[in-house]
1. Can you figure out the FRET efficiency of residue 119 with residue 22, using R₀ = 22 Å and their beta-carbon distance, to the nearest 0.05?
2. Please report the base-10 log of the normalised intensity I(q)/I(0) for region 110-149, using a Debye sum with one equal scatterer per alpha carbon and no solvent, at each q in 0.17, 0.18, 0.20, 0.32 (1/Å).
3. Residue 215 to residue 111: extension gain in nm, 0.36 nm per residue of separation minus the Cα-Cα distance?
4. For a quick check: sort 217, 135 by the number of other beta carbons within 10 angstrom, fewest at the front.
5. Based only on other Cβ atoms within 10 Å, what is the fewest-to-most ordering of 216, 98?
6. Assuming 0.36 nm per residue, please report the length gained on full extension of the stretch residue 14 to residue 66 beyond their Cα-Cα distance.
7. Give, in nm to one decimal, the length gained when the segment between residue 74 and residue 30 is fully stretched (0.36 nm per residue of separation minus the Cα-Cα distance).
8. State, to one decimal in nm, how far the label point of residue 54 lies from the label point of residue 2, with both points 7 Å from Cα in the Cβ direction.
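Since every read-out is calculated from the coordinates, none of them should be taken as a lab result. The structure presented is a predicted model; accordingly, all values stated were derived computationally and were not measured. Counting neighbours? That spans all protein chains shown, and the Cβs are built from the backbone with ideal geometry, glycine included.
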């Protein structure tokens, strides 16, 4: 199974798509053009294009981009979307092109994206966006169930030990075993507190608010930021 098919059949199902689109619809009324950073196989670019928005999707995985193109062709939306294989830290676009940018699915918490890379991605999103652009960033919350509060100390100590052994980890990095194609695969990602995420956004000169999926314990949240 190639990476794109695996993503569609396994990973994409864990994302709260309906809630994500509800939050996006709430904040993009004045947006005409979007940059989708980490667009994957088209999870957001397709419904955004169907709303009449001009969308440019970027992903560093060629298979994902090819899968997204196939989906767009099947829906007759190719003319509304441009797709590029590129590193989000070094976007190949001029300044001030887009009315908004999205970065969903915990892209900023991916296994290879640590603090310096997050800042680089954010700076590129800001550089390529127009004045007063809207940025929506979906992240995994660190404490999405009550038991997470009880095991926080264990994870803190475990991460400390791994850092002492020279591994490039941050507090909030998790490794979990997930079931994929009848086998368990270890997935490492960074889960954020809302405070940590807001500080990251504020450090880049943006203002932001938080949209939470639930009132108390929630697995996902979205930062909505503006210049």
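1. For R0 = 22 Å, the calculated efficiency reads 0.15.
2. Log-scaled intensity ratios, in q order: -0.64, -0.69, -0.77, -1.09.
3. Result: 34.7 nm gained on full extension.
4. With the sparsest Cβ surroundings first, the list reads 217, 135.
5. 216, 98
6. 16.5 nm
7. 13.1 nm
8. It works out to 3.0 nm between the two label points.
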